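Rule-based calculations on the coordinates, nothing more; no lab input. Predicted model only: the values in this text are computed from it and were never measured. Backbone-built Cβ (ideal geometry, glycine too); neighbour counts: all protein chains shown.
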Amino acid sequence: MTLAAACGWSLARSLAVATLALPVCRSMCTCLQGLTEGQRRVTWLVLVLPFLCPELWTGYAWSGFAVRLAGSGVWEHLPTGLWGGPAAIVARDVAVDELLLDVLLFVRLLPVGTLALYFAPPPPLSAEALYCRELAVAKNRRRWLLNRDRLAFLLRGPWHGALPAAGLMFLVCFQEFELPSLIARPAWTVWLFDAQVGGLALNESLRRALWPVAWQLLVAAPLIGWAVSNRGSAARRRVSGSQSPIRKCLLWCVALSSIAVVCIVPLVFIGRGTVVGLSRVVQNTGQFRGLLGEIFTGLGYAVATAVASALFAVWVLEKARTSRLALAGAIAAAVPGMFGSLILGLSVVQALQLPYVRVLYKTPMALAAGMALYLMPRAIVMRLLLWSNRQSSGAHLATLLGDSPSTSARDAAAELMWRMRWRGEVWYGALLAWWAFLDLTLIYLLSPVTIVSAPVMLYNQMHFGKNAVLSALVFLTVAVPALAFAAALASRRLLFRWVWR
């Protein structure tokens, strides 16, 4: 398959999945507006969990699904003449894998679109203004003019946040790499990555990447313009309307089904041989220590770049409030990461071929720079979301309470500060580190030769099939960072008490 055909597949798939996900995201956003604070927190956790689940985990678990389905005998219950020959059987398996990939991408895009709609600024025109405009031009006989005016009003009214949300979902879906690769479906990212690893010259890889970049630029440029033009608006969009109990039940079914498809079912698939595989891995001391070393090394890089990206996002956004130059700097810092880790990685490798910076190629500095650029758009967006929920007066009062001579009062101040500010900051950094740790292409292209990251090692082995040891390694790669973060979170009370004392 050529790159043009793979790009066409990715384009059609991304447009279809984003279009189908947008109405569901709008309904979920409306449903969230009518919940209490506690209910909303639980609902957000349910919605966001599928997006946080590693693609490597999900793709490995679902890989070869069409073959397993055929081996289960489910097709034997259909009419015998339905599959007329080998070509029809191949087409059937291809359709099953494509449908599976579309479903996985659909459930991963739902939290992206819902977040974009929920936190979008309110539209400049209300529904009442649109209705009054329709009444005013109802007698206009030039139908095309009426439709053009209606479209303009819709873009400044009900579609004010819908189109940017659809564009964001398109970009996320269009840049997907691990899921199409492991499920063996065509995508421009898979074609370009395989060609680069297979020996294609770097200049040729970048030249062939121009078409995917152009398609992303058509979506990213209006998205950036919309974000800049609405930066002074209210941070949270008020969605009018209510959902019926039946629709709420359906939305909850969709959310729980998403968790089942992305998290629970893969856990069942991988968990069948994980216990046996874990015993073998633990008994092989060298393999176990090597895996832990790779995990914690990658986690160290991820945490360092996450902290650096978070601090830079705070600094540049604070400056951007009063300086257009800083605003331009924030946009320039966020743009490279918006094109995905593959394009970013190839561009960084090309930049490191210049004479004075060539010494940084395949060094920790190159990997840190690539990770920081990859995290920058996410760090900026998440920082804006944190600021939209900031409770400045409460945090100030908690700070004053922390100066009390009473130990119990200082402990209470520490707990208040945790709930009002630091809990969000910790989750902010943890999510950035999680994304950096699990990114495959940047580590593959930029990591030093002395470092073999756990995701890269697992990805290379996944193409040779499943076995108990590999399932155990995948489980440990996902579980160890999560357990490390849980342990750090569990010790935060002791840390806060020590700081406030």
task = Please work out the ratio of the alpha-carbon Rg of the stretch 217-368 to 2.2 N^0.38 Å and round it to two decimals.
result = 1.55
remark   = With residue 325 itself left out, Lys, Arg at +1 and Asp, Glu at -1 over residues whose Cβ is under 14 Å from its Cβ give +2
query = What FRET efficiency comes out for the pair residue 354/residue 40, r = Cβ-Cβ distance, R0 = 45 Å, nearest 0.05?
reply = 0.35
query = How long is the gain from residue 284 to residue 490 if the chain were fully straight, where each residue apart is worth 0.36 nm and the alpha carbon distance is subtracted?
reply = 71.1 nm
message = I need the phi-derived Karplus couplings for the stretch 14-27: 6.51 cos²θ - 1.76 cosθ + 1.60, θ = phi - 60°, integer Hz, Gly and Pro marked x.
response = 5, 4, 5, 5, 5, 5, 6, 7, 4, x, 5, 5, 5, 5
query = By count of other Cβ within 10 Å, fewest leading, how are 219, 94 ordered?
reply = 94, 219
query = In what order do 382, 28, 1, 365 fall by count of nearby beta-carbon atoms within 10 Å, going from fewest to most?
reply = 1, 365, 382, 28
DSSP-loop trypsin sites (Lys or Arg not before Pro) across the stretch 317-382, with at most 10 other Cβ within 10 angstrom = 321
Rough spin-label spacing in nm, given labels placed 7 Å along Cα→Cβ, for residue 99 and residue 207 = 4.2
key: Nitroxide proxy distance, nm - points 7 Å out along Cα→Cβ at residue 76 and residue 257   = 2.9
message = Is the C-alpha gyration tensor of the stretch 181-233 telling us rounded, prolate or oblate? Criteria: a/c under 1.5 is rounded; beyond that, a/b larger than b/c is prolate, otherwise oblate.
response = prolate
key: Residue-count net charge about residue 263 - beta-carbon cut-off 13 Å; Lys, Arg +1, Asp, Glu -1   = 0
inquiry  = At 0.36 nm per residue, and after removing the present C-alpha to C-alpha distance, how many nm does the segment from residue 297 to residue 69 gain when stretched out fully?
reply    = 78.2 nm
Pair residue 463, residue 5: separation of 7 Å Cα→Cβ label points (nm) = 1.9
query = What are the residues whose amide H is under 5 Å from the amide H of residue 159, where those residues sit 5 or more places off or on another chain and H is modelled from the backbone?
reply = none
task = Take 439, 194, 97, 102 and order them by how many other Cβ atoms sit within 10 Å, fewest up front.
result = 194, 102, 97, 439
ask   = For residue 365 and residue 422 in one chain, what is 0.36 nm times their gap in residues minus the Cα-Cα distance, to one decimal in nm?
value = 17.6 nm
